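Here the structure is laid out as C-alpha cells; the discussion comes afterwards.
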Amino acid sequence: MLENPAVLGLATIILGVGGCLGYFFLSNVILDKLIFPPRGKDAGKNINRANMVRPWLFLFPALFALTLYLAYPVFETLRLSLTDRDLGGAFVGLENYRKMTAEPKFWEAVRNNMLWLIVVPAASTAFGLLVAQLTDRISWGNLAKSLIFMPMAISFVGASVIFKLIYDTWPVDQNQIGVLNAIWLKFDGGLGSVLWLQVLPTVLLLAFAAIVGYVAWIFVRDIVAKGSDKSVWLLPLRLLLAVGGLWLIWLSLSSVVSIWFEELPFGEPQTWLTIPLWNNFFLMVVLIWIQTGFAMVILSAALRGIPEETVEAAIVDGANPFQIFFKIKVPQIMGTIVVVWTTITLTVLKVFDIVFAMTNGQWETQVLANYMYDKLFRANDWGVGSASAIVIMLLVTPILVWNVYNARKEMR
C-alpha cells in the first residue's frame with residue numbers, strides 16, 4: 001500500500017507535520033518541567049533561563065535542516081573538488097580547477113550562462129512589467145493575467161517538450177507539425193520576407209541594443225555620480241554588468257549585419273536547435289515564457305501599491321502616459337523590479353532542465369549546470385564536476401548578497 005505515490009505523499013505530510021508538532025510540544029514540556037521547572041527558590045531564574053533557551057528550540061529544526069542539506073553539501077563539494085577519484089580520493093589541490101578551465105566546453109558553458117544572465121532576466125522583467133501595466137487598464141485584465149501566469153504551473157521539462165514540438169522539423173515533402181517551420185516555409189524571398197525577416201528583426205535588435213546601452217550607462221554613471229552608493233563590493237558587480245551590456249550591444253549590432261548579408265535558405269525546413277548562437281535564444285524563450293508570469297504578478301502588486309496622489313499630480317502637471325509610466329511609476333517600484341530581476345537571475349544561473357531536455361548541451365548550447373551533470377554522472381569525474389558546482393555557487397553568491405543588502409537597506 002505504501003508503494004502508492006499518493007499514500008506515500010500523504011503519509012509523509014502527516015508524519016512531517018505531526019513530527020514537528022510533537023517536537024515543539026515535547027521540547028517545551030521537557031524544558032519547563034524537567035530542565036528549568038518554575039518552582040522553588042530559583043523559580044524566577046528558571047523562567048528567564050527557559051525563555052532564553054526556547055527560541056533556540058524553535059530554530060533548531062531549521063538550523064539542523066540547513067546544516068544537513070546546505071552547509072554539509074557545500075563543504076563536501078569543496079572537499080571533492082580538491083581530490084581525484086582515479087587516485088582513490090587523494091588530495092590534488094587546484095588540479096581539477098586547472099583541468100576544468102583547460103576544457104573548451106567549460107568556457108562555452110560560461111559564455112552561454114553570461115548570455116542567459118543578460119537576456120532572460122531583462123526580457124522576463126520587461127515583459128512582466130509591460131503586461132502588468134497593460135492588464136490593469138482593461139476590463140478582462142484578470143483573465144489575461146491568469147493565462148500569462150499559467151506557464152508557471154508547468155515544469156521546465158514539460159515546457160521544454162512543448163517548445164521542442166514548436167521547433168520540430170520534418171522533411172520538406174511532409175506537413176510540418178512544428179509551428180516555427182510551418183511559418184518559415186511560407187516565406188519565399190519576396191517583400192514579406194524582407195519586412196518580417198530583415199526589417200522587423202533589425203528594428204527589434206537595435207531597440208534591444210539601445211535599451212541595454214541605457215541600462216549599462218546607468219550602472220557606469222552610478223560609479224561616479226554624486227550621492228550614489230559607493231560600496232566597494234558593488235563596484236565589480238556594476239563593472240561586470242556594464243561590460244556584459246557592451247558585449248550584448250556588439251552581439252546585437254553584429255547580428256543586424258548578418259541579417260542583411262546572409263543568404264537565407266528559403267523553402268527548406270530548419271533544424272532550429274542546431275543553429276549556433278541562435279539556438280541559445282530559442283532555449284531562452286522557454287524560460288522567458290515561464291518567468292514572465294512570475295514577474296507580472298509581483299510587479300502588478302507593486303504598481304497597484306503606488307499612491308494615486310502622485311499619478312494625479314503628474315496628470316495635472318500635463319504629463320503624458322509614457323512620462324507617467326517611466327518617470328512616476330517605474331522609479332517608485334524600482335526596488336521591486338530589482339528583486340524580481342535578481343530572483344530570475346538566480347533561476348537562470350541554475351538553469352539545467354531546459355538545456356538537458358532540448359539539446360543536452362549539444363550544438364554549442366552547454367551551460368554550467370549541464371556541464372556539471374555531464375562530469376558528475378556521465379564521466380564519473382567527481383573532481384571536475386564538484387569544481388564546476390563551486391563555480392556556480394560563487395556566481396550565485398553575489399546575487400544573494402545583493403538581495404540581503406537591499407533587504408537590510410529597506411528595513412533601515
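The values are calculated or read from the model by the stated rules, or taken from the named source; none is laboratory data. Quantities reported herein were computed from a predicted structural model and do not represent experimental measurements. Note: ideal-geometry Cβ built from the backbone for every residue, glycine included; neighbour counts use all protein chains shown. Areas reflect the complete protein model, heavy atoms only, side chains present, ligands, DNA and RNA absent. Shrake-Rupley method; radii C 1.70, N 1.55, O 1.52, S 1.80 Å.
Observations on the model:
- Its alpha carbons considered, region 1-74 gives a radius of gyration followed by a Dmax of 17.5, 57 Å.
- Over all directions, the projected convex hull of the C-alpha atoms in region 90-222 averages 15.8 nm² in area.
- Peptides 167-177, 323-333 ranked from most to least packed give 323-333, 167-177, packing being the mean of other C-beta atoms within 10 angstrom over each peptide's residues.
- Between region 1-75 and region 127-196, the C-alpha centres lie 49 angstrom from each other.
- Dimensionless Rg/Rh of the chain - Kirkwood Rh, Rg from C-alpha atoms: 1.04
- Heavy-atom surface of the chain, accessible at 1.4 Å and reported per residue (Å²): 60
- Integer Hz, Karplus 6.51/-1.76/1.60 couplings in order for region 147-152, x for Gly and Pro: 5, 6, 7, 3, x, 4
- For the chain, with +1 on Lys and Arg beta carbons and -1 on Asp and Glu, the positive-most of Ile249, Trp170, Met393 along the dipole: Met393
- Of Asn28, Trp116, Val297, farthest towards positive along the dipole that unit charges on Lys, Arg, Asp, Glu beta carbons give the chain: Asn28
- Counted residue by residue at 0.36 nm each, then reduced by the alpha carbon distance between them, the extension gain from Lys350 to Trp247 reaches 34.9 nm.
- For Thr83, the residues 5 or more places off, or on other chains, whose built amide H falls under 5 Å of its own are Val92.
- Here region 369-412 has an Rg and Dmax of 15.4, 49 Å, counting Cα atoms alone.
- With Cα atoms, 0 to 90° folded angle of helix 234-261 axis to the chain main axis: 20
- Computed from the alpha carbon atoms alone, the convex hull of region 60-112 holds 105 Å³ per residue.
- Cα gyration tensor shape for region 120-159, rounded if a/c is under 1.5, else prolate or oblate: oblate
- Largest first, the three principal axis extents of the alpha carbons in region 311-412 are 67, 35, 15 Å in whole numbers.
- Helix axis angle, 104-135 relative to the chain longest principal axis, alpha carbon, degrees: 90
- Helix 278-304 and the longest principal axis of the C-alpha atoms of the chain enclose an angle of approximately 60°.
- Net charge dipole, region 16-98: roughly 600 debye, given to the nearest 20, about the Cα centre with Cβ charges of +1 for Lys and Arg and -1 for Asp and Glu.
- Equivalent ellipsoid, region 277-316 (semi-axes from 5 times Cα gyration tensor eigenvalues, Å): 35, 12, 4
- Each principal axis of the Cα cloud of region 1-138 was taken in turn, and the coordinate range along them, longest first, works out to 73, 65, 45 Å.
- Assigned charges on the beta-carbon of Lys, Arg, Asp, Glu; the chain dipole about Cα centre (debye): 1840
- Leading residue at positive end of dipole, the chain (Cβ point charges), from Ala369, Thr12, Phe208: Thr12
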